[in-house]
Amino acid sequence: MSYETILTEVKGEGARGRVGLITLNRPKALNAINRQLTEDVLAAAAAFDADPAIGAIVITGSEKAFAAGADIKEMQPQSYTDMYLADWFGAWEQFSRTRKPVIAAVSGFALGGGCELAMMADFIIAGDNAKFGQPEIKLGVIPGMGGSQRLTKLVGRAKAMELVLTGRFIDAVEAERIGLVARIVPAAELLEDAIKTALTIASYSLPVVLLAKEVVNRADELTLQEGVRFERRVFHSLFSLEDQKEGMTAFIEKRTPDFHDR
Ligand code: CAA
């Protein structure tokens, strides 16, 4: 399958445990998110999510820009009615519902919708040259792809408020300190590191990985008591899997487990 604004590739070998790579590819616009790029990313992510050979997804951009935001030139002439009727950015909810783990590998600018897209991933690995920000306020708007909500949940109210109200950019070190990114790596090693991390995740039992992601995500929605009970119920249910027996038997027999996603 070929796309207009992204490149896709499958990494890894074999019938399972592979990684789907999505590379944003609008270099002249610093990967600004327009309607075509939205359509392409959603289609590629859905295809990887449905492919049983794929266990995790990496989304990345170029060295200069993960994405410099939503496409300002496309949005500039739109009216309120245009935006409302098109439910502009509403389609991204599909991406945030991807069941398989998604890692954002961020090099260069991740601004506005670019930062918001990275935050839709399950975690961000940043190159040491990464710059994050929500500069919408400078354009006379506010974040529109979930930034006011996800940034606040990730880094807390004080930092989110400061970044959304000032539009200030932060570097990778500050982003890691405030909890926006999981890890910083040298920019030259970013993609290799992100793919290696995704291959590690994809090597584990797929149903267990999906449930691990679902349980962590429920922490945003449930009380602590309900969340802990939900986790325990899911934990118990894993004892119906062949992969639980295989994982624990392999540990006892001092060998690498051979998971079959069952
Ligand atoms: N939309 C459309 N085009 C963009 C763009 C964007 N968000 N960001 C960059 N570009 C284009 C520039 O217009 C320029 O195109 P031309 O050569 O045709 O002029 C090209 O990409 C290269 O950009 P610059 O010349 O500006 O590159 P730079 O290195 O000097 O600056 C930058 C880089 C600081 C990232 C700067 O491009 C910039 O500030 N971009 C906009 C950042 C921004 O405001 N993002 C938020 C967008 S609104 C949003 O995202 C809403 C939401 O919540 C979803």
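The values are calculated or read from the model by the stated rules, or taken from the named source; none is laboratory data. Everything quoted here is computed from the prediction, not taken from an experiment. Here the Cβ is made from the backbone with ideal geometry for all residues, glycine too, and neighbour counts use every protein chain on show. What goes into the accessible areas is simple: the full protein's heavy atoms, side chains included, and nothing from ligands, DNA or RNA. Shrake-Rupley method; radii C 1.70, N 1.55, O 1.52, S 1.80 Å.
Just one residue in the set Ala105, Ala110 is outside any helix (DSSP H, G or I), within 16 Å of the ligand (Cβ to nearest atom) and within 30 Å of Ala53 (Cβ to Cβ); that residue is Ala110.
Can you tell me which residues in segment 217-232 are touching a Gly at 6+ places or on another chain (Cβ under 9 Å) and either open to solvent by less than 50 Å² (accessible area, probe 1.4 Å) or not in a helix (DSSP H, G or I) (or both)? Don't jump to the end; show me each part of the working.
Our first condition is that a residue be touching a Gly at 6+ places or on another chain (Cβ under 9 Å); within segment 217-232, this holds for 218-219, 221.
Those that are touching a Gly at 6+ places or on another chain (Cβ under 9 Å) and either open to solvent by less than 50 Å² (accessible area, probe 1.4 Å) or not in a helix (DSSP H, G or I) (or both): Ala219, Glu221.
Just one of the listed residues (Ala250, Ala212) is over 25 Å from Ala121 (Cα atoms) and either in the same structural domain as Ser96 (by the TED database) or in a helix (DSSP H, G or I) (or both), and it is Ala250. Among the listed residues Leu154, Leu180, Leu163, identify the single one that is within 16 Å of the ligand (Cβ to nearest atom), outside the structural domain of Asp243 (by the TED database) and open to solvent by 70 Å² or more (accessible area, probe 1.4 Å). Checking each option against the conditions leaves just Leu154.
Would it be correct to say that Glu214 is surrounded by fewer than 17 Cβ atoms within 10 Å (Cβ to Cβ) and either among the hydroxyl-bearing types (Ser, Thr, Tyr) or at pLDDT below 95 (or both)?
Details: surrounded by fewer than 17 Cβ atoms within 10 Å (Cβ to Cβ): yes; either among the hydroxyl-bearing types (Ser, Thr, Tyr) or at pLDDT below 95 (or both): no.
No: the conditions fail for Glu214.
Scan segment 1-26 residue by residue and report those that are closer than 16 Å to Ala56 by Cα, part of a strand (DSSP E or B) and hydrophobic (A, V, I, L, M, F, W, C).
The first filter runs over segment 1-26 and keeps only residues closer than 16 Å to Ala56 by Cα, leaving 8-23.
This time we only want the ones that are part of a strand (DSSP E or B), so: 8-11, 18-23.
Matches in segment 1-26: Val10, Val19, Leu21, Ile22.
Scanning segment 22-55 for residues that are over 26 Å from Asp71 (Cα atoms) and open to solvent by 50 Å² or more (accessible area, probe 1.4 Å) returns Ala50, Asp51, Pro52.
Return yes when Val19 is open to solvent by 20 Å² or more (accessible area, probe 1.4 Å) and farther than 16 Å from Met120 by Cα and no when it is not. For Val19, the condition - open to solvent by 20 Å² or more (accessible area, probe 1.4 Å) and farther than 16 Å from Met120 by Cα - is not met.
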